[in-house]
Amino acid sequence: MSDWRVKYKSTVKDPGTPGILKIREGMLLFVPNNPNSDSKLKVLTPNIKSQKYTKEGSNKPPWLNLTNKQGRSHIFEFENYQDMHSCRGFITKALAKCEEEPKKPAVSTSAEQASIADLKRRFEVLRENSELQRLHKEFVETKVLTEDEFWATRKKLLGKDSIRKSKQQLGLKSMMVSGIKPSTDGRTNRVTFNLTSEIIFQIFAEKPAVRQAFINYVPSKMTEKDFWTKYFRAEYLYSTKNTAVAAAEAAEDEELAVFLKPDEILAQEARQKIRRVDPTLDMEADQGDDYTHLMDHGIQRDGTMDVVEPQSGQFRRSLLQDLNRHAAVVLEGRNIDVDSEDTKMVAEALAQVKQVSKADGETTKDANQERLARMSRVAEMEDLQAPQNFPLAPLSIKDPREYFESQQGNVVNEPRRSGTLKRNVHEAYGLLKESILEIRTKGLSDPLIKPEVAFEVFSSLTRTISTAKNIIGKNPRESFLNRLPKSTKDEVLHHWTSIQELLKHFWSSYPITTTYLHTKVGKLKDAMSNSYSQLEAMKESVQTELRHQLSLLVRPMQQALDAAFQHYESDLQRRTAKSVRGEANGGVV
Amino acid sequence: MPALFGSLLEKLEDFIARDEELAKEDEHVERIASSLLSGSLSMALCYIQRVFRSGHLHPQPRILCLQGSPDGPEQYVAVMNSIFSAQRLMVPIDSCYIGTQNSAFLQQASYITGGVHHAPKQLDGLFQFLTTIFATDLHTRSFIQLPKPVGVDFRASCFCHKKTIDMGYVCSVCLSIFCEHHKKCSTCGSVFGQSKLDGANASSSVNDRKRKAPDS
């Protein structure tokens, strides 16, 4: 139904290439009859801008002219009008479908609107931050600011979360593999171990020797099943703690011995690590941790005491070793991306990661260099070192004497009432001498201070203290805000944040270059004058004794708003003057 | 008369006689009209420091300044340094100002160090004021309502002319205070840039510069 025999013409004069026009999902295809022809064509339906066609009854052949958005036109000559009309019907339908579809993306792409994920994040941020929510409600829902304007200044708030989410690495479970206990059926001597890929991963990560053995033996020497059976047999021998049996079995079976022997690869890694330890580390905290000589030391494990005996054979492994190894693996995290059931692949990937990190350790001579540098730095006395050079310009404080000496000179220049002063000095000496003489002859006056005077002093002090308390509150360092009723305090704080938000948007809109900014500034100005009157109303609503202090708080807000209004007015005047001038000029010219 | 008073009076008389001699000696030199607050504070702090270092005993020292002359703005830096040293030593500076104008130095000193400042009005009851307010020791002060200043005069003196100023310029590097705009800080030598405001006025082209609209 949707294929037609047509002739394709790139221009009207083109004689046309015969072929087949097909309508497929979202596109028009023209396949010429001659496969060597290069006039193959593919037109995406959303790209079609318009379609024109010749009328029935006119003496022109049935042409359909499709114009795409780039302005190119494609002309198809149909065999008859019926074909053309049916094709036109398909195209119209397809076009209508296209128009519906892009509507959604069009909304989201226009005006840098956010994706759904973004919206979600915004919603979450709003939910967590009630103050922001209130601002959002006040300004966005009342259409003072658009959603985008509101968030444009808070991109950081949104961005942080997404980064944090994507970078988080998935860790390992902290359960130990050695804790896997076999299940017994109780009747026979058969024990069953359950293996999952997670457990295998852990075994490979914690025991490189097992991993190496797996790579070596499977599948060339034995099947995977045999391998694990052998492994768990070794584990089982461990758990029985019968070193003699273990040694005997290891002697017979060299593959089993691999699992029972101390892990050679691990030991090598450990040696390497020790070489990398900072020799300047202060290990004082470790002193006194040696308790092995105490009776009954050791850790309870599986009901028996796990005692570390230095002479215990090579077939023993302490819980502490297991714990440490496990902890190291957990902290390393899952550093390979292989999430596969294929055990072999997991083993190889892990081995590769190890190789790489080992190579890193060997090649980075810098690390060693740095270690040496640190050693020499710490070994020396800090006090004796030359001051480290910080990239700061030195503060050049001039000779302080300049300050103290210059003060004399400056003072001399000032006119002084020196004559009267000197006389006063002499008078003062005289008065002092007189009073000393008086005390000497008469002694101290008997009541040292007259009761009336003392009373007056006390009452004046009481007055001072009580009035001061009234003015500055009980605690002079306490903020005045805390003395306001809670609703008023909240209101003041909210006004402050909302005014700041408005002002931020207001000032960032200047200079006004587009009508969009012009209307935005107008809206902001209305919202600000609204806040202004709210502030006035709040000032009048509070109790009289708080009013003075409150107005002190409100004044800077109002001043900030006043500055904005003033700028708005002057800018408006300047603009109207300019436009009037422009018109006048236009009239003259 | 108790012997203590006698010796005290004697010392006072001696001091005055010596001071008068000194005053006569340099009569031809212009003297600073204000009291030498910075010097006396430094001496007191030195003395306190010596007591601190001589033994384990902490005597809970405090300093009382009794001042009748106006502030000497030229001592601003020295006085502020003494005040901050006292703050570090946790030595409160109490201050009693006698006179009509209040002293900004003493107000700030008491405010910063947590001491008491008071300017008594009735001078005949000065002794009563001293015993009531300033005699209280540090421990007692937590239980007692002492007069608190309603406001503190925080004005500073400029470094260039030693004038007390309400508003001024502050070096952004060393925080020196000036009463007028300088091209270069006289204390630390930093060169100040042209202020933004002047620049904007000088060239109006800045305002006319086209700005990229957020959307179009």
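The values are calculated or read from the model by the stated rules, or taken from the named source; none is laboratory data. Note that this is a predicted model, so its numbers are computed, not measured. Heads up, the Cβs are rebuilt from the backbone with ideal geometry, glycines too, and the neighbour counts pull from every protein chain shown. The area values use the complete protein model at the heavy-atom level, side chains included, leaving out ligands, DNA and RNA. Shrake-Rupley method; radii C 1.70, N 1.55, O 1.52, S 1.80 Å.
Leaving out ligands, DNA and RNA but keeping every protein chain, what accessible area does A:Glu370 have, in Å² rounded to the nearest 10, with a 1.4 Å probe?
110
Per-residue HN-Hα couplings for the range B:172-183, Karplus 6.51 cos²θ - 1.76 cosθ + 1.60 at θ = phi - 60°, whole Hz, x for Gly and Pro?
6, 9, 10, 6, 5, 10, 10, 8, 9, 6, 10, 7
Using the basic label-point model (7 angstrom from Cα toward the beta carbon), what is the A:Arg190 to A:Val31 distance in nanometres?
Modelled inter-label distance: 6.2 nm.
Looking only at other chains, what is the average number of their beta-carbon atoms within 10 angstrom of each beta-carbon in A:448-460?
4
Quick one: ranking A:Thr497, A:Thr544 by accessible area, 1.4 Å probe, largest first, what do you get?
Largest accessible area first, the list is A:Thr544, A:Thr497.
Over all distinct Cα pairs, what is the inverse of the mean 1/r for the range B:2-154, reported as the Kirkwood hydrodynamic radius in Å?
The answer is 17.2 Å.
Going down the list A:Lys42/A:Lys93; A:Lys156/A:Lys489; A:Lys7/A:Lys55; A:Lys13/A:Lys60, which pairs span over 21 Å between their C-alpha atoms?
A:Lys156/A:Lys489
Got a number for the accessible area of A:Tyr510? Probe 1.4 Å, square angstrom, nearest 10.
My reading of the accessible area for A:Tyr510 is about 30 Å².
Dividing the Cα radius of gyration by the Kirkwood radius, what Rg/Rh value follows for the range A:449-578?
Rounded to two decimals, Rg over Rh is 1.26.
Compare A:Ile116, B:Ile93 by solvent-accessible area with a 1.4 Å probe and give them largest first, with all protein chains kept in place.
A:Ile116, B:Ile93
Which of the peptides B:182-193, B:135-146 is most tightly packed, and how do the rest follow, judged by the mean count of other Cβ atoms within 10 Å per residue?
By packing density, highest mean first, the sequence is B:182-193, B:135-146.
At R0 = 51 Å, how high is the FRET efficiency between A:Met538 and A:Glu456 if r is their beta carbon distance? Nearest 0.05 is fine.
0.75
Expressed in nm to one decimal, what extension gain is obtained for the pair A:Ser174 and A:Lys469 from 0.36 nm per residue of sequence separation less their Cα-Cα distance?
Working it through step by step, the gained length comes to 100.0 nm.
Given just the C-alpha atoms of the range A:477-532, how large is their convex hull per residue in cubic angstrom?
So the per-residue hull volume is 80 Å³.
Based on the Cβ-Cβ distance from A:Ala248 to A:Ser376, what FRET efficiency comes out when R0 is 60 Å, to the nearest 0.05?
Computed FRET efficiency for A:Ala248 and A:Ser376: 0.65.
Could you tell me the calculated FRET efficiency between A:Leu95 and A:Asn65, based on Cβ-Cβ distance and R0 = 22 angstrom, to the nearest 0.05?
0.90
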